[in-house]
Amino acid sequence: MGGSDGHRGGGGFFSRRNKCLVVTLIFTIALLIFLINAGLFSNVATYTGELCQLDDIPLQKNFDTKKFSGNWFVSSTKGLENKLLATLMDFSDVKVNFVYKDENNYDIRSVGGKMYGWWCPVGEGHVRIKDNNSPQKMQIFFDTPTGKKFGTKDIWVVKTDYTSYTILYSCWDVTSDGKCEAKGAYIGVMQRNRDPLPQSILDEINTTVQKSCINADSLRVVRHEGYCKKEHVEIS
């Protein structure tokens, strides 16, 4: 008799304890979705409150395609509106190599780490310049499943000193009057190495970002923790 009671007390998958755990999990997920939609995890406002006329976006003068080539480490990007989602989708250890082919073409290789380096996917693609009169305006395509889904996108070199930093801008959603929709504007800051930049250059970067109608305070820092060292060497 005692053995039978003990068997019932041990429970199984449908035990009262497991049912409580399932209900708690469902409630937690529902609460998390509610908080996300309510904007509880929202970042600093990403946009300056105005739409940029694309013709007014500042571009690097006298752009030198050969000097721009080589390795860059992504240091910050325009993050997602939602802080929690941005964290979940966040990449670290992002490195990009622009491999110079000729004055109008680069091959591009990149790597970024997910889940503390458990996954460091390498992507390969192509960058081309359509108009020699505007070499700062490039188009990029990654030959990966995700890259094929998004297709070819514009990337513009807004500012660079070639030796320490560069700022790239991309607009994915243009209005009928030639402006960039707020949520379709993207910006990324890259550095030649992972050393901290001097304040004077940081101020210059922030000023340039603001001129692109993006709030510089909202840029998301890309962490470099050394999880993808092997892949970094592979794409160099």
Largest to smallest principal axis extent of the C-alpha atoms in segment 194-236, angstrom | 37, 20, 17
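If you wrap segment 133-187's Cα atoms in a convex hull and average its projection over all directions, what's the area in nm²?
Average of the hull's projected areas for segment 133-187 equals 5.2 nm².
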Descending semi-axes in whole angstrom, ellipsoid equivalent of segment 105-223, from the Cα gyration tensor | 22, 21, 16
Please compute the net charge surrounding E225, taking Lys and Arg as +1 and Asp and Glu as -1 over other residues with Cβ under 11 Å from its Cβ.
-> +2
May I ask for the equivalent-ellipsoid semi-axes of segment 89-167, computed as the square root of five times each C-alpha gyration tensor eigenvalue and listed largest first in whole Å?
-> 24, 16, 11
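Report the local net charge at K137: Lys and Arg +1, Asp and Glu -1, summed over other residues whose C-beta lies under 12 Å from its C-beta.
On the way: positive: R128, K130, K153; negative: D55, D131, D154.
The answer is 0.
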Average Cα contact separation per residue, segment 97-197, under 8 Å, 6 or more apart, as relative contact order % = 15 percent
Heavy-atom accessible area of segment 134-236 with neighbours in place, 1.4 angstrom probe: carbon+sulfur share in percent works out to 51 percent
On full extension of the chain, what length is gained from E225 through N132, given 0.36 nm per residue of separation minus the C-alpha to C-alpha distance?
-> 29.7 nm
Excluding residues fewer than 8 places away in the same chain, name every one of the lysines whose C-alpha is closer than 27 Å to that of K211.
-> K61, K66, K67, K78, K83, K95, K130, K137, K153, K159, K179, K183
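Can you pull the semi-axes for segment 157-215, root of five times each eigenvalue of the Cα gyration tensor, sorted largest first, whole Å? Intermediate values should be presented prior to the final figure.
Details: eigenvalues 127, 25, 15 Å².
Square roots of five times the eigenvalues give 25, 11, 9 Å.
The values are calculated or read from the model by the stated rules, or taken from the named source; none is laboratory data. Please read all numbers here as calculations on a predicted model, not as lab measurements. Every residue, glycine as well, gets a Cβ built from its backbone with ideal geometry; the counts of neighbours run over all protein chains shown. The accessibility values were calculated without ligands, DNA or RNA, using every heavy atom of the protein model including side chains. Shrake-Rupley method; radii C 1.70, N 1.55, O 1.52, S 1.80 Å.
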